[in-house]
Amino acid sequence: MSTKTAPRSSTAAIDKPAVQVRTATGVLILTALLGLLAILGPNLVADDLGMAMSMGMTHYMELLAVHQPRNLLIFMALPVVLAETLAITELVILFRRAATPTWVRRASRVAGLLAGPVMLAIFLHLLLNAVVPLTATGGWRGPADVIAVLFYLAGVVPLVGITLTELGLIGSDATQALKWHATFIAIFLVVAHIAMIFGMLDPSVLGYTMVHQH
């Protein structure tokens, strides 16, 4: 019996690092592809609303309002679904520990591995097509506009952190990794909701005045 056990544990010891390397390679390739698409792909921020309509909302709301339902799905539904999946599965794992169903852990891992690359691609696309042009031309619509967009983009930090945790690059052991995982999810939910609140606010409430051009 002891001679059968040794090779099995040896194989497991060899396979685990190999799986981690393959997973990390896959995530790196996905990140590179999404990053290139975000930088070289079509501009999804381009406004097709009338000036009078768009000027009465933050750029956060304008982004979600144009090109329906594409922009809503890409910039809101996708990151939020990934984050909510992580939050729900995290609660199940925290409460049930070893008794957590395999499919719950698998769903959490898949969402965690996708969250970073997806949000990083969104960050790059909006940075190049919204933040830089708006800053260069003075196109921001007051404090609410800036807060909404910047807090939305700040979501890249916790979501990338979750992916790094899933890859074993953050957290020295399973317990530490679980704590980092929960912390990153909490941070994302906070910044995302701040972005939503200020994004839905009329920019004029915080002092923005629309400049009429003739």
Potential extension, Thr135-Leu94 segment - 0.36 nm per residue separation minus Cα distance: 10.5 nm
Of Arg70, Arg96, Arg105, the one that fluctuates the most in a GNM where the chain has Cα springs shorter than 10 Å: Arg96
Built amide H within the under 5 Å cut-off of Arg141, gap 5+: His59, Val146
Inter-label distance for Ala107 and Asp202, nm, one decimal - labels placed 7 Å from Cα along Cα-to-Cβ: 4.1 nm
Contact order normalised by residue count of the chain, Cα under 8 Å, 6+ apart, percent: 27 percent
GNM top mover of Val118, Val160, Val45 - the chain, alpha-carbon springs below 10 Å: Val45
For the chain, size of Cβ-based charge dipole, Lys and Arg +1, Asp and Glu -1, in debye: 1120 debye
Among (1) 45, 36, 34; (2) 88, 36, 27; (3) 70, 48, 30, the entry derived from the coordinates for Cα extents along the principal axes in Å: (2)
The chain: calculated mean residue ellipticity at 222 nm from DSSP helix runs of at least 4, using -39500 (n - 2.57): -23500 deg cm²/dmol
Kyte-Doolittle mean at least 0.0, axial Cα span of 20 Å or more - DSSP H helices of the chain: 2-40, 78-96, 102-126, 174-199
Among Gly161, Gly142, Gly35: highest mean-square fluctuation, GNM of the chain, C-alpha pairs under 10 Å: Gly142
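Quick note: the coordinates plus some simple rules give every number you see, no bench work behind them. Note that the coordinates shown come from a computational prediction; the quantities given were computed from them, not determined experimentally. When we count neighbours, we look across all protein chains shown, and the Cβ atoms used for this are built from the backbone with ideal geometry, even at glycine.
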